[in-house]
Every structure is written in C-alpha cells, then in structure tokens.
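The values are calculated or read from the model by the stated rules, or taken from the named source; none is laboratory data. Source: prediction; values computed, not measured. Positions of Cβ are backbone-derived with ideal geometry, glycine not excepted, and every protein chain shown enters the neighbour counts.
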Amino acid sequence: MARKIVRERKKIDVSQAGFNITPLIDCVFLLLVFFMVTSVFKNPARLKMQLPMAVNPQALDKRQIIAELDNEGNVALNGTIASFDSFDAYLVSEKQKNRK
C-alpha cells in the first residue's frame, strides 16, 4: 500500500507579501540610457538654408574710446588728460567722424 505523505502548507499573508521592483527599475533605466545613446539625431547642418548676401559690403572702421577715471576725479580720454566738460564734446566729435 502506498502511503501518502501529507505536508503542511504554510499560509502566506498576502498583505505582507512584497514585490521588490528595484531590479526592474534598474533594467528600465539601462534600456532608457541605451536607446538615448544609440538614437540618431538629425544633423542641423544638413538643413537647406539660403542666407541673404550683402549688397554693398564695406569694412567697418572699429575705433575704441578709452575713458579712464581716478580717485581724484581726473579724466583721461585715449591717454590724454581732459576735463568732464570736454568728455561730451569729444564723444560728439568722434561720432561725427565715424557716423556709425
């Protein structure tokens, strides 16, 4: 006669059973990084653009005006000592020379 071995089954409380999703999150993150790295983006240099051309190109004369002030209130324009009153006149004369 065959004997049946009866084993006790442990009952698991479903409310305390957990599912660890940490490895799943790791896999999803790695897949996301993989697809981001291997994706091909459209090269903006391949766009067909026609830029406008200049009608009469001219070289601009670039001049710098260097104004220096010290603690005592002295003013120097392009290395020449001047006063505050001559500062305005100097700027107006430079503007009329260049017209730019």
Right, PRO23: modelled with pLDDT of 80 or more, under 35 Å from the mean Cα position of the chain (by Cα) and either part of a loop (DSSP other than H, G, I, E, B) or within 30 Å of GLN96 (Cβ to Cβ) (or both) or not?
no
How about region 66-90: which of its residues are exposed (fewer than 11 other Cβ atoms within 10 Å of the Cβ) and either in contact (Cβ under 8 Å) with a residue 60 or more places away in the chain or touching an Asp or Glu at 6+ places or on another chain (Cβ under 9 Å) (or both)?
GLY79
Is one or more of the residues making up region 29-44 modelled with pLDDT of 80 or more, of a type in the set (Val, Ile, Thr), farther than 30 Å from LEU91 by Cβ and assigned to a loop (DSSP other than H, G, I, E, B)?
no
Test ASP13 against the criterion of being in contact with a helix residue (DSSP H, G or I) (Cβ under 8 Å, 6 or more places away or on another chain) and modelled with pLDDT under 70, and give yes or no.
no
Residue match in region 91-99 (condition: in contact with a Lys or Arg (Cβ under 7 Å, 6 or more places away or on another chain), of a type in the set (S, T, N, Q), modelled with pLDDT under 80 and surrounded by 10 or more Cβ atoms within 10 Å (Cβ to Cβ))
yes
